[in-house]
Amino acid sequence: MEQQWPQEIWLVRHGQSAGNVARDLAEAAAGHHIDIADRDVDVPLSELGERQAEALGAWFAALPPGQRPTVVLHSPYVRAADTANIMMQRLDQDSRERLVVESDERLREKEFGVLDRLTTHGIAHHFPELYEQRQHVGKFYFRPPGGESWCDVILRLRSVIDTLNREYREERVLIVAHQVTVNCFRYLFEHLSEKAILDADRAGDVPNCSVTSYEFDPALGKGGHPALRLVNFVAPLEASGTPVTAGKDLPAAPKA
């Protein structure tokens, strides 16, 4: 039977962003608002985030040529696009010339709507009814006005998987996106339940520039399926002495 999946898929969260830093400062001061003027789509990497992307790019570049990515798909958000670009610059010229690189809006961060740039304290203070509703419903199904639930993100990622199955069979695909995107892909690839993925989320944030990977296994399912190989892998950062960070993206809503 013809293989319907990429040979390998790497999911990478972008490097630390200026938004992660601003959020941590606001939470530490028990403030209501995260002090950042940029649109979420325009939030850049921090200096450390650039170093993290360079360290991970060096790890990919050190792989044997036949094991490196052949396709790079990334969120159009600046912090994800810059992470992908920095990583690709570490590859040799021949590998870069062979890469298929696409920006895909379906990989964008979850949209936060009216809760954008609010801390946990800010959400509880300015939108107490929404805060209570979210606590009751849980983050998987809760959709803030003007924003998205995890289910909404999952719905658009299902179409990304259709693209992987149609256009990138047997390729080695690197996807650079966001924390919720990584978790929602895990929900789909691993056939997880709401409880299972939220338990994983509750256990800790996805580290910046960490790798979660899958390799095609012909023995799984009907006709084969991606098998989990790595989860939140940060050894490339640790080996290079680059600090590992795991801050939330905006806004800083409480765990469900």
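The values are calculated or read from the model by the stated rules, or taken from the named source; none is laboratory data. This one's a predicted model, so the numbers in the text were calculated from it and none came from an experiment. Here the Cβ positions follow ideal geometry from the backbone for every residue, glycine too, while neighbour counts run over all protein chains shown. Quick note on the areas: whole protein, heavy atoms, side chains included, nothing else; ligands and nucleic acids left out. Shrake-Rupley method; radii C 1.70, N 1.55, O 1.52, S 1.80 Å.
Some notes on this structure:
- Residue among A200, A246, A18 with the largest mean-square fluctuation in a Gaussian network model of the chain, springs linking Cα atoms under 10 Å: A200
- Per residue solvent-accessible surface (Å²) - the chain, probe of 1.4 Å: 44
- Relative contact order (%) - criterion: Cα under 8 Å, at least six apart; region: the stretch 107-196: 37
- Between V101 and H126, full extension at 0.36 nm per residue minus the direct alpha carbon distance yields a gain of 4.9 nm.
- For peptides 62-70, 87-95, sequence by mean Cβ density within 10 Å, most packed first: 87-95, 62-70
- Local net charge near D152, Cβ-Cβ under 10 Å (Lys/Arg +1, Asp/Glu -1): +1
- The stretch 104-201 - Rg (one decimal) and Dmax (whole number), Cα, Å: 15.1, 50
- Apolar share of the accessible surface for the chain: 50 percent from carbon plus sulfur atoms, 1.4 Å probe.
- Debye, to nearest 20: dipole size of the stretch 73-174, +1 on Lys, Arg Cβ, -1 on Asp, Glu Cβ: 200
- Y141-V231 pseudo-label distance in nm [points 7 Å out on the Cα-to-Cβ vector]: 2.5
- For the chain, calculated [θ]222 nm from helices alone, where every DSSP H run of n ≥ 4 adds -39500 (n - 2.57): -12500 deg cm²/dmol
- For the stretch 49-141, relative contact order (Cα pairs under 8 Å, six or more residues apart, normalised by length) works out to 28 percent.
- Stretch gain in nm, segment L192-A219, where the contour uses 0.36 nm per residue and the Cα spacing is subtracted: 7.8 nm
- Projected area, mean over directions - the chain, Cα convex hull, nm²: 13.4
- Share, in percent, of DSSP beta bridges within the chain that are antiparallel, nearest 5: 50
- Förster-model FRET efficiency, 22 Å R0, R39 and R156, C-beta, rounded to 0.05: 0.70
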